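What follows is one structure encoded as structure tokens, with my remarks underneath.
What follows is calculated from the coordinates using simple rules that are stated; it is not laboratory data. All values derive from a computational prediction rather than experimental measurement. Backbone-built Cβ (ideal geometry, glycine too); neighbour counts: all protein chains shown.
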Amino acid sequence: MTKLNYWNQTWSLDEAQCPCDLHFVQYLEEKKVTNAAIFHFGTGNHHIVGLKGAEDGVNNAVLGITASPQEYDDYVELLIKNPRLGHTYKAYFGDIYQLDARLLPQFDYAALFHVGEFRTPENDVYGALTDLEMTLLIADKVKPGGEILFYTGSFAYDKAEAVANELIKVRPFNPAPDYKTLKVYRKRAG
């Protein structure tokens, strides 16, 4: 019997070990981004991207995905304690390599910090997308002028960088100025 390839652990907020979510939040704050639609790959049990997006005056809508049952349970607990959070932050449990474009809205930002980290031959058993296929699917959902961001500190950044290099060959994206540990690619208009 085939089982879903999932992450049977959780990821707590640890700036020294993995600052990408904090750097992303800071990036959005410095750009004074409000009312944006954001896709976030890997929520962490801290859910900082969704929480910061829901702060008063920010109103960013965040769709996050986690392959960790514990992180999803933490999201459910957050909603129970703070139901207003559910207006702008949606997280779901699943394999990102099973995304279906028909179910996704258009995004202003896509944080793909964990490209290359979790895709294994176990995903092949049930016909999951590759890292490149998943990235291109998300890229097609990014609005003109929107951005895809990768995390240069990832242990699999070599895979993410190869995906990013292919992205700019086959989709209308250009490198944009980096921000701390984040590599940024902006979608060309028109």
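Be a star and scan the stretch 96-133 for residues whose amide nitrogen sits under 11 Å from the point 7 Å along the Cα-to-Cβ vector of THR2.
Counting backbone N atoms under 11 Å from the label point, the list is 122-129.
So if I place +1 on the C-beta of Lys and Arg and -1 on the C-beta of Asp and Glu, and nothing else carries charge, what would the dipole magnitude of the chain be about its Cα centre? I want it in debye, nearest 20.
The dipole of the chain has a size of about 720 debye.
Go through 72-83, 142-153, 47-58 and give me the packing order, highest mean Cβ count within 10 Å leading.
142-153, 47-58, 72-83
Listing ARG186, ARG119 from the residue with the fewest other Cβ atoms within 10 Å to the one with the most, what is the order? Working shown, then result.
Working: ARG186 17, ARG119 22.
With the fewest neighbours first, ARG186, ARG119 line up as ARG186, ARG119.
Give the span of the stretch 48-148's Cα atoms along each principal axis, as three whole-Å numbers ordered largest to smallest.
40, 35, 23
Between beta-carbons, use under 10 Å as the cut-off and find the net charge around THR43, counting Lys and Arg +1, Asp and Glu -1.
Once all neighbours under 10 Å are counted, the net charge is -3.
If the chain between ARG84 and ALA162 were fully stretched, how many nm would it gain, using 0.36 nm times the residue separation less the Cα-Cα distance?
In short, 24.1 nm is gained.
Could you grab the relative contact order for the stretch 32-187? Cα pairs under 8 Å, six or more apart, rounded to a whole percent.
Relative contact order here is 20 percent.
For the chain, report the % of Cα-Cα distances exceeding 26 Å.
Values: 4649 of 17955 pairs.
Counting every Cα pair in the chain, those more than 26 Å apart make up 26 percent.
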